[in-house]
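Participant: Quick one: structure below, then a few questions.
The values are calculated or read from the model by the stated rules, or taken from the named source; none is laboratory data. Owing to the predicted nature of the structure, the values given are computational and were not obtained by experimental measurement. In this analysis, Cβ positions are derived from the backbone assuming ideal geometry, glycine residues included, and neighbour counts consider all displayed protein chains.
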Amino acid sequence: MVPGGPGLGSVLPYRGLRRRAARLGLDLIMVEHRGVGLSRTDTAGRDLPVSAMRIATVAGDIAAVLDREAVDSAHLAGSSYGSYVVSCVGALYPERVAGMLLDSALQSSTDIDLERRAVLSLFWDSGTAIAAEVRRLYARGEDRRRLLDVVRAAYELGGPELLGPVLRGRVLGRARGRLRAPDAAAWRLLEAYATRDGSLARVPGVYEFDLAGAIGFRELGYGAPTDGRPLDPALTYAPLAHQFPGFDAEPVDLSREVSRFTWPMVLLSGTRDLRTPPEIADRVAKIAPDAAVTRIENGHSALDIHPAALLSALEYLTTGRYDALPGQVDALNALPRRGVSARFPALLAGLVRQTES
């Protein structure tokens, strides 16, 4: 299992996930990402150099761990950036793959165009009240990057039911020159969750983008130029671009390699995912010889928001029943949400209820 990022730890954030997997009878291996936590330093205790931050070496790390654990082949599961990593393992070490689960599939740096279309369609071009309020805040001088990050995060976490009140509170607060405390708190929480400022985030063992982030910029195009239109997803990482290497090239052409994947593939896709829109999973399923998409009620990353659904999908995959998984969507949606970020939507919803009352 490979989490997202690059920069998310494995050892500390996913202890509960591994306990639940063990109760289900899954023999789950997680590798601490190079540049993060227990894999941040070399044997002399020095931080790894930026030159060591490459996806091919990350894939090699996973193959080396399988060697060390005497595992000939394994089912590989990756979330978001982790889905790109396990896809590259499949391209570089196909003999090690028994099956694959891609959660919020990331497959190409060019997919930012899909992100742009999804965001503009929902929050700018539509005739909804939500789009009208986004345009109003934009016209009134709301910081454009933070507006994008907050709106996208609120929608992914709680849909229109969460985003609508958050926007209304912001619009009303700006009109009267003062935000009510719950409105201000909800906005600040969403900013803290979603916005990258000019500093390099590092919470040791949990999230260490300061070193591993070089992969995102050099090989996945995180520093893509903005297109000049409102709510451009390229704005999110723009403040950090000067601190990382420029884009070089993607390590693998997955649009070609996926067609050669002979193993069964499950693609979990969130109905509200704006960072890896569902069209990506649909495209992979059309290319791969044995793949199917299961669309669940979620935003980005089932691993972090709805891990029970992900573990259930893994059970279907590892026991060879993956063909039946698309018919289990209602059951997957009904499972309790206990992920790393699962409590965040409930906290925000509480603040919104205070605002609405």
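Participant: Within segment 236-254, how many residues turn out to be at pLDDT 95 or above and outside any loop (DSSP other than H, G, I, E, B)?
Facilitator: Of the residues in segment 236-254, 1 are at pLDDT 95 or above and outside any loop (DSSP other than H, G, I, E, B).
Participant: From the list Val89, Val65, which one is under 27 Å from Arg202 (Cβ atoms), crowded, with 20+ Cβ neighbours inside 10 Å and free of Cβ contacts under 8 Å to residues at least 40 places away in the same chain?
Facilitator: Going through Val89, Val65 in turn, just one is under 27 Å from Arg202 (Cβ atoms), crowded, with 20+ Cβ neighbours inside 10 Å and free of Cβ contacts under 8 Å to residues at least 40 places away in the same chain: Val89.
Participant: I've got another one for you. Pick from segment 239-276 the residues that are in contact with a helix residue (DSSP H, G or I) (Cβ under 6 Å, 6 or more places away or on another chain) and of a type in the set (Val, Ile, Thr): which of them is nearest to Arg321 (Cα to Cα)?
Facilitator: Out of the qualifying residues, it is Val266.
Participant: I'd like the residue in segment 116-148 that is acidic (Asp, Glu) and out of contact with any Lys or Arg (no Cβ under 8 Å at 6 or more places or on another chain) and, out of all such residues, is farthest from Gly164 (Cα to Cα).
Facilitator: The qualifying residue farthest from Gly164 (Cα to Cα) is Asp143.
Participant: Now, a different point. Only one of Val266, Val206 is more than 19 Å from Leu147 (Cβ to Cβ), buried (at least 16 other Cβ atoms within 10 Å of the Cβ), assigned by TED's automatic domain parsing to the domain that holds Met100 and not aromatic (Phe, Trp, Tyr); which?
Facilitator: Val266 is the lone residue from the list that is more than 19 Å from Leu147 (Cβ to Cβ), buried (at least 16 other Cβ atoms within 10 Å of the Cβ), assigned by TED's automatic domain parsing to the domain that holds Met100 and not aromatic (Phe, Trp, Tyr).
Participant: Can you pull out the residues in segment 29-62 that are touching a residue at least 12 places away in the same chain (Cβ under 8 Å) and at positive phi?
Facilitator: Residues satisfying the conditions are Gly35, Gly37.
Participant: If the requirement is being at pLDDT below 95 and surrounded by fewer than 18 Cβ atoms within 10 Å (Cβ to Cβ), which of these qualifies: Arg145, Arg140, Arg135, Arg117?
Facilitator: Arg140
Participant: Here is a follow-up. Restricting the search to segment 21-51, which residues are assigned to a helix (DSSP H, G or I) and either surrounded by fewer than 16 Cβ atoms within 10 Å (Cβ to Cβ) or of a type in the set (Lys, Arg) (or both)?
Facilitator: Listed by number, the residues that qualify are Ala22, Arg23, Leu38, Ser51.
Participant: Show the residue pairs meeting these rules: Cβ distance below 7 Å; 6+ apart or different chains; first residue within segment 273-287 and hydroxyl-bearing (Ser, Thr, Tyr); second residue not in a helix (DSSP H, G or I).
Facilitator: Thr276/Ser80; Thr276/Ser104; Thr276/Ala105; Thr276/Leu106; Thr276/His300
Participant: Please state which one of Ala64, Ala70 is over 21 Å from Arg283 (Cβ atoms) and part of a loop (DSSP other than H, G, I, E, B).
Facilitator: Only one candidate qualifies: Ala70.
Participant: Which condition breaks for Gly221 when tested against (1) surrounded by fewer than 21 Cβ atoms within 10 Å (Cβ to Cβ); (2) assigned to a loop (DSSP other than H, G, I, E, B); (3) not aromatic (Phe, Trp, Tyr)?
Facilitator: Checking Gly221 against (1) surrounded by fewer than 21 Cβ atoms within 10 Å (Cβ to Cβ); (2) assigned to a loop (DSSP other than H, G, I, E, B); (3) not aromatic (Phe, Trp, Tyr), the one that fails is (1).
Participant: Condition first: among the small types (Gly, Ala, Ser) and surrounded by 22 or more Cβ atoms within 10 Å (Cβ to Cβ). Now tell me which residues in segment 161-203 satisfy that.
Facilitator: Once the filter is applied, which keeps residues that are among the small types (Gly, Ala, Ser) and surrounded by 22 or more Cβ atoms within 10 Å (Cβ to Cβ), segment 161-203 yields Gly169, Ala186.
Per-residue answers, yes or no, for (1) in contact with a Ser or Thr (Cβ under 8 Å, 6 or more places away or on another chain); (2) over 16 Å from Arg218 (Cα atoms):
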{"residue": "Gly25", "(1), (2)": "no, yes"}
{"residue": "Glu32", "(1), (2)": "yes, yes"}
{"residue": "Gly35", "(1), (2)": "no, no"}
{"residue": "Leu38", "(1), (2)": "no, yes"}
{"residue": "Ala44", "(1), (2)": "no, yes"}
{"residue": "Ser51", "(1), (2)": "no, no"}
{"residue": "Val58", "(1), (2)": "no, no"}
{"residue": "Ile62", "(1), (2)": "no, yes"}
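Participant: Do you know which residues across segment 294-320 are in contact with a Pro (Cβ under 7 Å, 6 or more places away or on another chain) and over 21 Å from Leu157 (Cα atoms)?
Facilitator: Leu317
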